[in-house]
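What follows is one structure encoded as structure tokens, with my remarks underneath.
The values are calculated or read from the model by the stated rules, or taken from the named source; none is laboratory data. A quick note: this is a predicted structure, and the numbers were derived from the prediction, not measured. Note that we place each Cβ from the backbone using ideal geometry, even for glycine, and neighbour counts take in every protein chain shown. Note: accessible area is taken over every heavy atom of the protein model, side chains too, but ligands, DNA and RNA are not part of it. Shrake-Rupley method; radii C 1.70, N 1.55, O 1.52, S 1.80 Å.
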Amino acid sequence: LMEILALNGGLLVLHSSICTVLISSGHPDQVTKANGLYVVILLMMFGLLVPHFGLSGAAFAALGTSILSTPFYLFQVRRLVGVPIYGFLRALARPLVAALVMSGLVRWIVPEWSPVMNMATSIGWLTVEIALGIAIYSGTVALLWLAARRPVGAERVILKRAQQRFLRGAIRPASTRS
């Protein structure tokens, strides 16, 4: 259930980014239309899936609605702002692949939670999952960025900032370090 909602959350981040672009470029009415379409589809999907599948049906309805409405959001930003759909999709490629790799590997490595696990065991595995998730996601994004020949983007900005902070810390006199 949580994995379905996590995938849905990723699509909602895309929708939100597009809505921000549309609002900032003077098209808030189009955001209202896109979100209205989303709600109509969601209510229909709820009506179809929730009675038969309960909470899982609700999660799949949310994910299905996001999948079905994404082309409309992409069309709006292309038509009104001139941002090519490929540009949005290209920006999402590395994070999306990294999220899928992370999800798959963490699920494969870490045992599934069981009601027989005590609190300490549950917290321990959760900590392992978080650490693995961070390492796998970051490593996958970095490898994909290197494979793409280090294009200008978020990765380059993050590395530049980290390098500046490291150099600033390494250059400071020993008496000012804490």
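The figures follow:
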quantity: Neighbourhood net charge (13 Å Cβ-Cβ; Lys/Arg +1, Asp/Glu -1) for PHE72; calculated: +3
quantity: Dipole magnitude (debye, nearest 20) for the chain, charges at Cβ of Lys, Arg, Asp, Glu; calculated: 1100
quantity: Stokes-Einstein translational diffusion, the chain - Kirkwood Rh over all Cα pairs, 1.306 mPa s, 10 °C, in µm²/s; calculated: 81
quantity: Radius 12 Å from Cβ of ILE85, net charge of other residues (Lys, Arg +1; Asp, Glu -1); calculated: +3
quantity: Of all accessible heavy-atom area on region 20-173, the percent that carbon and sulfur account for (1.4 Å); calculated: 72
quantity: Per-residue ³J(HN,Hα) for region 141-148, Karplus 6.51 cos²θ - 1.76 cosθ + 1.60, θ = phi - 60°, Hz, x for Gly and Pro; calculated: 4, 5, 5, 5, 5, 5, 5, 7
quantity: Whole-Hz couplings from phi, Karplus 6.51/-1.76/1.60, listed for region 90-105; x for Gly and Pro; calculated: 5, 5, 8, 4, 5, x, 5, 4, 4, 5, 5, 4, 4, 4, x, 5
quantity: Listed residues ILE123, ILE136, ILE41, most fluctuating in the chain (Gaussian network, C-alpha, under 10 Å); calculated: ILE123
quantity: Computed over region 1-105, the ratio Rg/Rh where both radii use C-alpha atoms and Rh is Kirkwood; calculated: 1.01
quantity: Residues of region 11-42 with amide N under 16 Å of the 7 Å Cα→Cβ point at LEU89; calculated: 11, 14-15
quantity: In sequence order, calculated HN-Hα J values of region 2-17 (Karplus, 6.51, -1.76, 1.60; Hz; x Gly/Pro); calculated: 5, 5, 5, 5, 5, 4, 4, x, x, 5, 5, 5, 4, 4, 4, 4
quantity: Probe 1.4 Å, protein heavy atoms only - accessible area per residue of region 1-156 in square angstrom; calculated: 63
quantity: Cut-off 13 Å between beta-carbons: net charge of the residues surrounding ALA148, Lys and Arg +1, Asp and Glu -1; calculated: +4
